[in-house]
Amino acid sequence: MSGALDLTIEQGATFTRTITIKDASNAAINITGDTFAGQVRKRHQSATAEASFSFDLTNPTGGQLVASISATNTNSMTPGDFVYDIEWTNGSTVTRLLEGQATVTAQVTK
């Protein structure tokens, strides 16, 4: 079961979110060698993604990674409301970690 978290993404700025994966007893899960994927779309059924997250495993033995979208990519996003999710692949098991709304706020400084 995924966690629900709504995000605010600032157009033209680098977006980052640190994620720590823990088990039911609140112990960090080792994510060494695991992969992650995530996208932002206008609607769940949209054919193309508005943006994709990139991932950096900052402390894999401690279950910690950073999901990000570059400033270049957020700059090309249209302000408004979107949906997103982030999935974790461990072997052949795919788990949706997070999902929710992503609101893109308009950039003023260009």
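The values are calculated or read from the model by the stated rules, or taken from the named source; none is laboratory data. Just so it is clear, the model here is predicted, and its values are computed rather than measured. Glycine also receives a Cβ, built like all others from the backbone with ideal geometry; neighbour counts cover every protein chain displayed. For the accessible areas, the whole protein counts, side chains as well, though only heavy atoms, and no ligand, DNA or RNA atoms are used. Shrake-Rupley method; radii C 1.70, N 1.55, O 1.52, S 1.80 Å.
Please work out the average accessible area per residue across the chain, using the 1.4 Å probe convention, and give it in Å². Display every interim value, and only then the final one.
Values: 6420 Å² over 110 residues.
Here the per-residue accessible area is 58 Å².
HN-Hα J couplings of segment 12-24 from phi, Karplus 6.51/-1.76/1.60, θ = phi - 60°, integer Hz, Gly and Pro as x?
x, 10, 6, 9, 9, 9, 7, 10, 10, 9, 10, 8, 4
Rounded to the nearest 20 debye, what is the charge dipole size of the chain about its Cα centre when +1 sits on each Lys and Arg Cβ and -1 on each Asp and Glu Cβ?
On the way: 7 positive and 10 negative charges, 37 e Å.
Taking the Cα centre of the chain as origin, the dipole is about 180 debye.
Report ³J(HN,Hα) in whole Hz for each residue of segment 93-110, in order, from the Karplus equation J = 6.51 cos²θ - 1.76 cosθ + 1.60 where θ = phi - 60°; Gly and Pro get x.
Going residue by residue, I get 9, 10, 10, 7, 7, 9, 7, x, 8, 10, 9, 9, 8, 6, 7, 9, 6, 10 Hz, with x marking Gly and Pro.
Run the numbers for Thr89 and Ala106: contour at 0.36 nm per residue of separation, minus the present Cα-Cα distance, in nm.
On the way: separation 17, 0.36 × 17 = 6.12 nm, distance 3.29 nm.
Full extension of this stretch gives 2.8 nm more.
Per residue of segment 52-69, in order, report the coupling 6.51 cos²θ - 1.76 cosθ + 1.60 (Karplus, θ = phi - 60°) as ³J(HN,Hα) in whole Hz, putting x for Gly and Pro.
Result, rounded to whole Hz: 10, 7, 10, 10, 10, 7, 7, 8, x, 5, x, x, 10, 9, 10, 9, 9, 10.
How much length is gained if the chain between Ser46 and Val66 is pulled fully straight, taking 0.36 nm per residue apart and subtracting their Cα-Cα distance, in nm to one decimal? Mind dumping the intermediate values first?
Details: separation 20, 0.36 × 20 = 7.20 nm, distance 2.53 nm.
That works out to 4.7 nm of additional length.
Using helices alone, I'd like the mean residue ellipticity at 222 nm for the chain: each DSSP H run of four-plus residues gives -39500 (n - 2.57), total over residue count, nearest 500. Don't skip to the end; give the middle numbers.
On the way: 1 runs with 5 residues, N = 110.
Calculated from helices alone, the mean residue ellipticity at 222 nm is -1000 deg cm²/dmol.
Accessible area of Arg43, 1.4 Å probe, to the nearest 10 Å²?
So the heavy atoms of Arg43 present about 130 Å² to solvent.
Can you list residues whose amide H is under 5 Å from Met77's amide H, if they're 5+ apart or on another chain and H is modeled 1.01 Å from N?
Here Gly12 satisfy the definition.
What FRET efficiency comes out for the pair Thr78/Ser25, r = Cβ-Cβ distance, R0 = 41 Å, nearest 0.05?
Details: r = 42 Å, r/R0 = 1.03.
After rounding, the FRET efficiency stands at 0.45.
For Leu97, enumerate residues with amide H under 5 Å from its amide H, sequence gap 5+ or separate chain, H modeled in the peptide plane.
Here the answer is Ile86, Glu87, Trp88, since their amide H atoms fall under 5 Å of that of Leu97.
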